[in-house]
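The values are calculated or read from the model by the stated rules, or taken from the named source; none is laboratory data. Note that the structure is predicted; figures quoted are calculated from it, not measured. Here the Cβ positions follow ideal geometry from the backbone for every residue, glycine too, while neighbour counts run over all protein chains shown.
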């Protein structure tokens, strides 16, 4: 998958103001906003109430999910497959926690560093 196609995913889920839109993200992931909230470690209200959606912590968490899915998209072949990996694939380097577990625990930066290492030829 080319870099242009990967960028297209982020363009689809982040608006012109840089706000991650939960409707767009859940549509792209082919999931509900409730499932998106759970996979992000957020409450349902955080992704459905306008005021909570604009909160920096909510936006940061949604952006983390979008960026991680975007990072693994070339390896998975499609957005739904990338999201399935995010939710269910145990990662041995993190004690078999999933990407979802790591994001929910506030360890997305560790995960992104790990994925960046894999992208340049590191070992899993």
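A few notes on this one:
- Flag if residue 121 is outside any helix (DSSP H, G or I), under 22 Å from residue 18 (Cα atoms) and out of contact with any helix residue (DSSP H, G or I) (no Cβ under 6 Å at 6 or more places or on another chain): no
- Residue within region 1-22 that is within 11 Å of the chain's Cα centre (by Cα) and either surrounded by fewer than 18 Cβ atoms within 10 Å (Cβ to Cβ) or in a loop (DSSP other than H, G, I, E, B) (or both) present: yes
- Of everything listed in (1) within 21 Å of residue 108 (Cβ to Cβ); (2) touching a residue at least 60 places away in the same chain (Cβ under 8 Å); (3) over 14 Å from the mean Cα position of the chain (by Cα), the single unmet condition for residue 77 is (1).
- One residue from 57, 37 being within 22 Å of residue 111 (Cβ to Cβ), loosely packed, with under 15 Cβ neighbours inside 10 Å and at pLDDT 90 or above: 57
- Checklist (1) within 17 Å of residue 36 (Cβ to Cβ); (2) surrounded by fewer than 19 Cβ atoms within 10 Å (Cβ to Cβ) applied to residue 82, failing item: (2)
- Among the residues of region 38-60, those that are without any contact (Cβ under 8 Å) to a residue 12 or more places away in the chain and within 13 Å of the chain's Cα centre (by Cα) comprise 38, 60.
- Residues (part of a loop (DSSP other than H, G, I, E, B) and under 15 Å from residue 115 (Cβ atoms)) located in region 91-104: 98
- Considering only residues in region 40-52 that are surrounded by 20 or more Cβ atoms within 10 Å (Cβ to Cβ) and in a helix (DSSP H, G or I), the one that is modelled with the highest pLDDT turns out to be 40.
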